[in-house]
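The values are calculated or read from the model by the stated rules, or taken from the named source; none is laboratory data. On a predicted model such as this, the values are computed, not experimentally measured, just so you know. Cβ coordinates were reconstructed from backbone atoms using ideal geometry, including for glycine residues, and neighbour counts include every protein chain displayed.
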Amino acid sequence: MKILVERNGQVFGPYSELVAAQYLDQGQLMPQDLARDDAVTGSSWTALSKLIAGSGLPISASSPNVVGKALQDLRSFDIRLIFPWLEIKSLRWISDRKLLYLALIGLAPATALAIAGASSVAYWGIALYFSALWALFFYYLFKTPQVKTPLCFLCFFFTGIVSIAVLLVLQQIPPWSLLYPLANSANFISRALGMFVAVGINEEICKAAIIFWLVRRPGSILAPQTVVFYGMISGLGFGIYEGVAYQQTLNRAQGVDAAYFLNIARLTSLPFLHAIWTGIAAYFISFSALVPKKKQGLWILAIVMPAALHAIYNTFGWNIIGLGSGFFSVVLLMTYLSNCNQMYKHLGKS
């Protein structure tokens, strides 16, 4: 018998039965390697162990018992590689960013819960964790050389603290205090109007406030892609705040299953959608700074476009229309970003 062995697309041999059995026993060949008898025309590939066993040749003349072989294997291992205490004590692993990122992403939620327990602090700890994940994801997709970390933090926390505080005050005074109840109306038209005028317009202005300031800083000319990224971070700050607020109020009134799934949505898809809508607003705001003669019209688009998408999603909820508006929002933002040059030329000519 002339045994050919195939592994990962490479063919080895031919070997005699004795040599193949010896290599198999020594671990140079594996039982699951494919093999065939090259001396037999048209022979098919099969497991090497099966082919050897079929020849009547024992794979190993002296096979130790399983326990004995396991102990023999353990004694052969270098203890310094199994328990690398000296390497760990050297602290060289601190410079391994992949290790630190892996530990942070994997253990941060459990650490937050261990420190805060079942309290409101834990809600914010978990929310900030998901915020960091979304921010890193957005940075990977939309980063530009102009993006500055301090401004990212400013956009996130300004919206989540200052803009939210202003929004909560506005909700308590006319005419907004009269318009907000419409968002919960049983009448479809009234609900849609309330979602657009009271909820959509106000919340999109709230999220875009820091972006209006950002593009008007003296000596600062930001590319639309950069402004969109900052807008997404601002929207994320709003979405996470809103998520925690709902988790601690309305979600608690639901059943266990409904509350569980709503809490997940409030930390994942809904902050994401707020980020997308504010990214759309930021797109138009960026061009209002680049082409000042068109700024009034661009300001209107910056608020009305995302507010309309926001209102459609809120009005229809998790059905084909509501979720469709969410998907369309993503398509719209990505299309805007791919058309930045055309938009700039169009605005300059018109």
Per the list (1) in a helix (DSSP H, G or I); (2) out of contact with any Phe, Trp or Tyr (no Cβ under 9 Å at 6 or more places or on another chain), residue check on PRO109 breaks on (2)
If you check ALA47 against the conditions, is it at pLDDT 80 or above, surrounded by 12 or more Cβ atoms within 10 Å (Cβ to Cβ), in contact with a Ser or Thr (Cβ under 9 Å, 6 or more places away or on another chain) and at negative phi? no
Exactly one of ARG7, ARG80, ARG75 is surrounded by 12 or more Cβ atoms within 10 Å (Cβ to Cβ) and either of a type in the set (Lys, Arg) or touching a strand residue (DSSP E or B) at 6+ places or on another chain (Cβ under 8 Å) (or both), and that residue is ARG7
Filter the stretch 171-212 for residues that are free of Cβ contacts under 8 Å to residues at least 60 places away in the same chain and of a type in the set (Val, Ile, Thr); the one that is farthest from ILE321 (Cα to Cα) is ILE173
Restricted to the stretch 243-260 and to residues being surrounded by 15 or more Cβ atoms within 10 Å (Cβ to Cβ) and touching a residue at least 60 places away in the same chain (Cβ under 8 Å), the residue farthest from ALA275 (Cα to Cα) is GLN247
